[in-house]
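Q: Okay, handing you the structure first.
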Amino acid sequence: MRMSELSRRWTGTLVIVLAVALAGCAAQRTAAPGSRPDVSDPTRLVGMWKVTGAVADNGNIVGLTPSELIIYRPCGELMAAWNADVHGSFLGDISGSSGDCDPLAPVAWLEKTAAYRLEDGNAALLDVEGRTVALLVPASEPPRPDRESFAITDEFRRSFADTATLPSNLRPAGRAELVGRWVPVGGVQASPKPAHLELRGDGRYAAWDGCNGSGGGWTVKPAGTVLATAGVSTLIGCDNVPVGQWLSSARLAGFDGETLVLFDPQAAELGRLRRAKPAASSTGRSNSVTRGEAHVSASVPSNGSGGDRSAD
């Protein structure tokens, strides 16, 4: 009996030791020191990809360099600004073209993309609901090796460093409550059309700083991490309130009561905005540049410096 009891105790002890050891190995595999899940490394998006699952560009090649996104089409090329973060957000905004490609033609899969997920060597582009809008699979060398650089510099890596957190007295901003028109808090604006920021539910924004219109894409995560592209803008000099620049530079958005506060990656405050009061209907035209417009429809004269989205 003693030998049998002793054997059972040794067997039980061995099972416990093996279970602990296996759990430890699993933890090391999933959380090795200094490692990050694929989704948190935007630098892995850099490279040549083939688009699949998107009707308009299915089979076409896309190049993601540290400076731009290029869609290669039979007509030529579409160039876009792109932005991503370690929280899985991704945005692209067409900014120019070459050849016979029309930079104003909608690129539905890119317009719908708000996030990415790296899996099995591929890059899934997702909409705000987490649905796949296109899948990028690795492709061959770039068609323009003399003009494109895929070198990842330390500066480029640092640009994706994880952001700080919101101050504890602020609550994270959510997507639904951000949609609408916002105006800067305080200050006197001399412009007849005061600065404002319009966040649309389709993931686009339009900004007017008092002199210039701009636009781009935006998205936000539940923790208040925000991402936006710096889209097309006119370049009229004046004493303005750079609300569009606040948004494109922001990485955090939170509410101080009813006031929206935007912060840069180090949690330094960029600006404060309040929700605009409903305005009376007007026959005037919009002051902002959005995707699909090659001109600025503003009631102030434009010098034409920001209207052309094409490139040689």
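The values are calculated or read from the model by the stated rules, or taken from the named source; none is laboratory data. Quantities reported herein were computed from a predicted structural model and do not represent experimental measurements. All Cβ positions, glycine included, derive from the backbone under ideal geometry; neighbour counts span all protein chains shown. With ligands, DNA and RNA removed, areas are computed over all heavy atoms of the protein, side chains included. Shrake-Rupley method; radii C 1.70, N 1.55, O 1.52, S 1.80 Å.
Q: Given +1 on the Cβ of Lys and Arg, -1 on the Cβ of Asp and Glu, and no further charges, what dipole in debye does the stretch 41-93 carry about its Cα centre, rounded to the nearest 20?
A: Here the stretch 41-93 has a charge dipole of around 200 debye.
Q: Let me ask something additional. Taking 45 Å as R0, compute the FRET efficiency from the Cβ-Cβ separation of Ser67 and Lys277 and round it to 0.05.
A: It comes to 0.65.
Q: Treating only the Cβ atoms of Lys and Arg (+1) and Asp and Glu (-1) as charged, compute the dipole magnitude of the stretch 141-204 about its Cα centre; round to the nearest 20 debye.
A: Dipole size: approximately 380 debye.
Q: In 5 Å bins starting at 0, how do the alpha-carbon pair distances of the stretch 71-174 split up by percent?
A: Reading upward from the zero bin: 2, 10, 14, 19, 22, 17, 8, 4, 3, 1, 0.
Q: Right, another one. For Tyr116, Tyr72, give me the order by solvent-accessible area with a 1.4 Å probe, most accessible first, ignoring ligands, DNA and RNA.
A: Tyr72, Tyr116
Q: Here is a further query. Under 30 Å between alpha carbons, and skipping anything fewer than 8 positions from Lys112 in its own chain: which lysines qualify?
A: In chain and number order, the partners are Lys50, Lys221, Lys277.
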